[in-house]
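What follows is calculated from the coordinates using simple rules that are stated; it is not laboratory data. Because the structure is a prediction, the values reported are computed rather than measured. Here the Cβ is made from the backbone with ideal geometry for all residues, glycine too, and neighbour counts use every protein chain on show.
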């Protein structure tokens, strides 16, 4: 085996290790979202605290992966698709870290809402449904990342409209709730912050999917319509 072949194989090993660590980070973030929403619905204070504490783990993983990417760029000087892969990873972990922040925010809002004993609080059914869509988007975006699947990535981009509509529906519901009983204004606004956090999680999952399309197609699709993305995905590679 020549030294160039050995170097190439080692480079592939390094990139695969980075990708695996990104998926591990994604798994932790997905767990955070689920736990945050469960804690909100159940009033489980211990679970809320665990979500808040786990945010430090997510931050540490982002730093570690970012450092690994910097080292790869410095040592290997990747070009073309390899460079796009490294850039996709750097952007993806930023979005994953921000999703972790949103999960922490949901847990903090849950703690505040859990202290409102005896006050009428809007039901959480709509929040739970919106979170399920956002988690599904995140899971699909991570699958698309792992497989470099542009079809799945395009599907996630379209799903973002569902989360946006769920947010608008929750906002309308909460406005009605506050108008009927002004005593619920504070708790309703806190729930609105939770709904906004879920909507932002959907946005970040969409971003990750758009990075996958950039990686495979070499085209930045962050500011184009879903229809244009579909056309891009259907074109021959």
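Give, to the nearest whole percent, the P(r) tail of segment 64-143 beyond 18 angstrom, counting all Cα pairs.
When every Cα pair of segment 64-143 is considered, 60 percent fall beyond 18 Å.
Between residue 161 and residue 234, what FRET efficiency follows from the Cβ-Cβ distance if R0 is 25 Å, with the result rounded to 0.05?
Between residue 161 and residue 234 the formula returns 0.80.
Gaussian network model of the chain, Cα springs within a sub-10 Å range: biggest mean-square fluctuation belongs to which of 25, 112, 61?
With Cα springs under 10 Å in the chain, the top fluctuation among 25, 112, 61 is at 112.
Pick from 161, 203, 55: which residue has the top mean-square fluctuation in a GNM of the chain where Cα pairs under 10 Å get a spring?
Residue with maximal mean-square fluctuation among 161, 203, 55: 161.
So which residue, out of 86, 194, 224, gets the largest mean-square fluctuation from a GNM of the chain using Cα contacts under 10 Å as springs?
So, out of 86, 194, 224, the one fluctuating most is 224.
Nearest 500 deg cm²/dmol is fine: what mean residue ellipticity at 222 nm does the chain get from its DSSP H runs of n ≥ 4 alone, each adding -39,500 (n - 2.57), divided by its residue count?
Only helices count here, giving -31000 deg cm²/dmol.
Tell me, 167, 11, 177 in order of fewest to most beta-carbon neighbours within 10 Å?
So the ranking, lowest neighbour count to highest, is 11, 177, 167.
How much length, in nm to one decimal, is gained on full extension between residue 8 and residue 175, taken as 0.36 nm per residue of separation minus their Cα-Cα distance? Spell out each step's value before the answer.
Details: separation 167, 0.36 × 167 = 60.12 nm, distance 5.86 nm.
Extending this stretch completely gives an extra 54.3 nm.
In whole angstrom, note down how far apart the Cα centers of segment 52-129 and segment 205-219 are.
The distance from the Cα centre of segment 52-129 to that of segment 205-219 comes to 18 Å.
I want to check the label-to-label distance for residue 129 and residue 50. Put each point 7 Å from Cα in the C-beta direction and report it in nm to one decimal.
The modelled label-to-label distance comes out at 2.8 nm.
Which whole-number percent is the relative contact order of the chain (Cα, under 8 Å, 6+ apart)?
24
Taking Cα atoms, how many degrees apart are the long axis of helix 150-180 and the longest axis of the chain, rounded to 10 and kept between 0 and 90?
Roughly 20 degrees, rounded to the nearest 10.
At 0.36 nm per residue, and after removing the present C-alpha to C-alpha distance, how many nm does the segment from residue 64 to residue 114 gain when stretched out fully?
Separation in residues times 0.36 nm, less the Cα-Cα distance, equals 14.5 nm.
Given points 7 Å out from each Cα along the Cα-Cβ axis, report the residue 225 to residue 168 separation in nanometres with one decimal.
1.6
Give the label of the value calculated from the structure for Cα extents along the principal axes in Å, choosing from (1) 92, 37, 34; (2) 46, 46, 40; (3) 74, 39, 20.
(3)
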